[in-house]
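Contents: one structure, followed by commentary.
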Amino acid sequence: MRILTVSDFDIALAAEALRSGRLVAFPTETVYGLGADGFNPAALARVFEVKNRPRFDPLIIHIARVEGLELAADLELLEGEARRKTDLLCEKLWPGPLTLILPKRREIPELATAGLATVAVRLPDHPAAQKLIALSTGAVAAPSANPFGRLSPTRAEHVRDQLGDRVDLILDGGRTRVGVESTVLDMTGPSPRILRPGGVPQERIEALIGPVAPPQETEGPVNAPGQLKSHYAPRTPLTLYEKDAMIALDFDPRGACLFFDGASRDRWLQGQRDLPGSGPFPGIRVLSEEGNTTEAAANLFDTLHELDRLGFSRIRAEEAPPSGLGPAINDRLCKAAARE
Ligand code: TXA
Ligand code: MG
């Protein structure tokens, strides 16, 4: 595995590697993706192998510009209202952390979409990602660049540490800006439905196209595997608490505490009578001092990776509020907590 920069020269090299069927991890605004040429079944098969990802879990096709949508999706198959809403979302929210589920074009191999008649498409808001995709075939399949079920990577080092030589190249673009994966929105049903909360808040989508259906709890075989219960998990067992329950917890020298905001941490500290000496205490982290969900999302995986390395016996995490990127954060924390 080689780590490259995001210079034009290195991106051109990486694009060449993609075209010859190799795997390239690259930064997007959300998390690092493990890229493969979206038209190359052998490369797609390797993505599943490298991630140890079940074949029933379809990949997102990444494009470099809105016009590239036609490479992967057939918008003619959408009925009028859905078509109009799709056009509006592409115009207003792309590039950005929104993935649209649309009718699939035949040219995209079945492997990419796990045999579904639909395809997930996204235009990332990241210059290196856009250049890489534009210089390759224009359609790059990329799941998050982590082993299946583990924490998503927000830095090149996370990819290196988790995938090592199983990936050919990593483009190092530094820390990702949004920090949680894209919102996945299904446009092919009777009304648009969020399959995975993510980097674009539901409120933002609804302001453009009206009400959307929330994520559905699914049992058994999944149609959108972001919905698998255990996912995004640190190695350290994690428990999720509502604010008041979190503040009422006792100090545990071997446990880490991940607070949503500074106010919760301060209230918790005030309630502790038996703290050894004075702070700072090693495992206390805050996702956003001011309680801003966008900032908290950007810090989420990064902080979990860090706490995971420090070897605590457990991580106790506070729920985020239910607005803005709060639902995306809670979705990831819930899945991190649900270890089977
Ligand atoms: O932000 C992101 O979306 C990142 C970056 C790399 O772009 N990618 C990412 O990919 O999170 P991945 O594979 O980890 O998650 C893709 C999600 C999964 O939950 C998958 O089930 C869903 O999208 N998905 C893909 N194709 C689908 C389809 N045709 N129908 C329903 N869900 C689909
Ligand atoms: Mg993933």
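The values are calculated or read from the model by the stated rules, or taken from the named source; none is laboratory data. What you are looking at is a predicted structure, and each value in this text was computed from that prediction instead of being measured. Reconstructed Cβ throughout: ideal geometry from the backbone, glycine too, with neighbour counts over all protein chains shown.
Taking the condition of being away from ligand 2 (no atom under 16 Å from the Cβ), within 15 Å of Gly38 (Cβ to Cβ) and touching a residue at least 60 places away in the same chain (Cβ under 8 Å), how many residues in the range 101-115 meet it?
Qualifying residue count for the region: 5.
Checking Gly68 against (1) in a helix (DSSP H, G or I); (2) within 15 Å of ligand 2 (Cβ to nearest atom): exactly one of these is not met. Which one?
The failed condition is (2).
Output yes when any residue across the range 32-41 is of a type in the set (Ser, Thr, Tyr), within 16 Å of the chain's Cα centre (by Cα), part of a loop (DSSP other than H, G, I, E, B) and within 22 Å of Pro127 (Cα to Cα), and no when none is.
Looking through the range 32-41, at least one residue is of a type in the set (Ser, Thr, Tyr), within 16 Å of the chain's Cα centre (by Cα), part of a loop (DSSP other than H, G, I, E, B) and within 22 Å of Pro127 (Cα to Cα).
If the Cβ limit is 7 Å and pairs must be 6+ apart or interchain, which residue in the range 125-142 that is closer than 15 Å to Ser182 by Cβ pairs with which residue that is of a type in the set (Ser, Thr, Tyr)?
Partner pairs satisfying both residue conditions: His126/Thr28; Ala129/Thr28.
Which of the residues belonging to the range 25-63 are touching a Ser or Thr at 6+ places or on another chain (Cβ under 9 Å) and either within 13 Å of ligand 2 (Cβ to nearest atom) or more than 19 Å from Pro109 (Cα to Cα) (or both)?
Correct list: Pro27, Thr28, Glu29, Thr30, Val31, Tyr32, Gly33, Leu34, Lys51, Pro58, Leu59, Ile60.
Within the range 249-270, does at least one residue satisfy the condition of being closer than 21 Å to Pro153 by Cβ and surrounded by 13 or more Cβ atoms within 10 Å (Cβ to Cβ)?
Within the range 249-270, one or more residues are closer than 21 Å to Pro153 by Cβ and surrounded by 13 or more Cβ atoms within 10 Å (Cβ to Cβ).
Exactly one of (1) under 23 Å from Arg46 (Cβ atoms); (2) part of a loop (DSSP other than H, G, I, E, B); (3) not charged (D, E, K, R) is unmet by Pro190. Its number?
Failing condition for Pro190: (1).
Out of the range 196-246, which residues are in a loop (DSSP other than H, G, I, E, B), surrounded by 13 or more Cβ atoms within 10 Å (Cβ to Cβ) and at pLDDT 80 or above?
Pro197, Gly198, Gly199, Val200, Pro201, Val212, Pro234, Thr236, Pro237
Which one of the conditions (1) away from ligand 1 (no atom under 11 Å from the Cβ); (2) surrounded by fewer than 21 Cβ atoms within 10 Å (Cβ to Cβ) does Leu163 fail to meet, given that it meets all the rest?
(2)
If a residue must be assigned to a loop (DSSP other than H, G, I, E, B) and among the aliphatic types (A, V, I, L, M), how many such residues does the range 93-151 contain?
The number of residues fulfilling the criteria is 9.
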